Amino acid sequence: MHWLTSGGESASLSVVRQAFRDQGGVWRDAPVPGGSAARAAAVNRILGGNPPPVFLFSLGAQLRELSSHGLVVPAPGAGDEWDRVLPPLLARSARHQGRYMAAPLNIHGENWMFYNTALLQQAGLEVPRTWDAFIAVAAKLKSMGKTPIALGGQPWQERLLFNAVLLGVGGRDFYRRVYEALEPDALSSPTMLSVFRTFAMLRPFVDEGSPGRRWNQATSMLMRGDAAFQFMGDWAKGDIKAGGLEPGVQIGCALAPAPDPAYIMVVDAFAFTQPRDAGTAEAQKRFVSVMMDPAVQAGLNQAKGSIPVRTDVPDDGFDTCAKQAMALIRNPQTNLASTGMGLSGGMAGAVDDAISHFWNDPRLTPEQGQELLRKSILAFR
């Protein structure tokens, strides 16, 4: 059971499917478009007594809750090798009570800035390296009748943009103070106010069709040259490749402007329910073995736009953006958890609501936005 239905996502899953079948496995697909819908459907099936033997989920509080209630079983075949090859932040996030509660599929980075290379060249503009520079570039593009930012108006996409600004204005230590330590002083600080001021300055650079737009529709705007930039996770690269373009060439990629290198990680993982019989148990174990194989990890991540969960996979065959990410995550200091991965489910939802409320109501001042976020986090602290 999974939500891997877009072009790049489907291509990545087919790598795992084919390798599983090559080893004699029988595969029956149960796709549900959209991550939140698929996660809800999986939980409903588990609670309804018809659990999927294998289902895609995201590392974070909701999966830990399933694990704590005994609704999932530890990933079969997980062991000491995983401790050696997985980035430490990922390994900690994937464990519950000392055991791996799921098998990580891939590592995505949330804080990418994709751009249409030809559009910037036509406008005579350089790729911005700071948020001040970005705002100047966006203003120039808008004056030329171009849409600067392709944004899907959904809370999680608005949060991605906000977190890129948060990291870019405050730096990775400030990001950790906000989302890991949940420091009241950080939430009330002048730095956080600067974050909201910068975020508010981006509102005019999004087109009127943004509300409700899916992320891959925004990526299509970028690919067609209807917009210049998209702040999105690197899963967008899978659709860029499926559309016949090369990430790092026609569609450029850079980490969103920030004072120090950092990678906001999102990890998809497959979880497992109690097997009904010995055959299912063996199939679950084979699935994990196939998915964690270095060659399969390379193939599926090249198709999806993500990078392998194993740090020992060579970067041969990966695009220039992925090579940069694979080198970056080997330094644990650069690894940051996304809000969905690091916060409780209620707090993560409250953060999304606060950011979306501020973004979609231009009457709200940066001071009011800061207070919204502060109250949302401290209510769950």
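Go through the range 319-363 and name the trypsin sites (Lys or Arg not before Pro) that are in a DSSP coil and have 13 or fewer other Cβ atoms within 10 Å of their Cβ.
330, 363
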Projected label distance in nm at residue 181 and residue 27, using a 7 Å step from Cα toward the beta-carbon: 4.6 nm
Cα-based Rg / Dmax (Å) for the range 258-347: 16.0, 53
Residue 68 paired with residue 136, simple spin-label distance in nm, labels 7 Å along Cα-to-beta-carbon: 4.9 nm
Lys/Arg +1, Asp/Glu -1 at C-beta; the chain dipole; positive extreme among 145, 37, 18: 37
C-alpha long axis of helix 7-22 to longest principal axis of the chain, angle in °: 20 degrees
Angle between the chain longest axis and helix 345-360 axis [Cα atoms, degrees, rounded to 10]: 30 degrees
Loop-resident sites, the range 25-58, for trypsin sites (Lys or Arg not before Pro), counting at most 10 other Cβ within 10 Å (DSSP): 28
Stokes-Einstein D (µm²/s) once Rh is taken as the Kirkwood radius of the chain over alpha-carbon pairs, at 20 °C in 1.002 mPa s: 101 µm²/s
For the range 113-271: span of alpha carbons on each principal axis (Å, largest first): 45, 45, 29
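Under the rule that an exposed site lies in a DSSP loop and has at most 15 other Cβ atoms within 10 Å, name the longest stretch of the chain with no chymotrypsin sites (Phe, Trp or Tyr not before Pro) of that kind, not counting the sites themselves.
In short, 28-379.
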Extreme residue, positive dipole direction of the chain, given options 221, 376, 182 (C-beta unit charges): 376
In degrees, nearest ten, helix 366-378 long axis to first principal axis of the chain (Cα): 20 degrees
Sparsely packed GluC sites (Glu not before Pro) within the range 110-213, loop by DSSP, other Cβ within 10 Å at most 11: 126, 208
Accessible surface of the chain [probe 1.4 Å, protein heavy atoms]: carbon and sulfur percent: 49 percent
Residue-span extension gain [residue 217 to residue 368] - 0.36 nm each, minus C-alpha spacing: 51.3 nm
Percentage relative contact order, the chain, counting C-alpha pairs under 8 Å, at least six apart: 30 percent
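The values are calculated or read from the model by the stated rules, or taken from the named source; none is laboratory data. No experiment lies behind these values; they were computed from the predicted model shown. FYI the Cβ positions are ideal-geometry reconstructions off the backbone, even for glycines, and counts take in every protein chain you see. The area values use the complete protein model at the heavy-atom level, side chains included, leaving out ligands, DNA and RNA. Shrake-Rupley method; radii C 1.70, N 1.55, O 1.52, S 1.80 Å.
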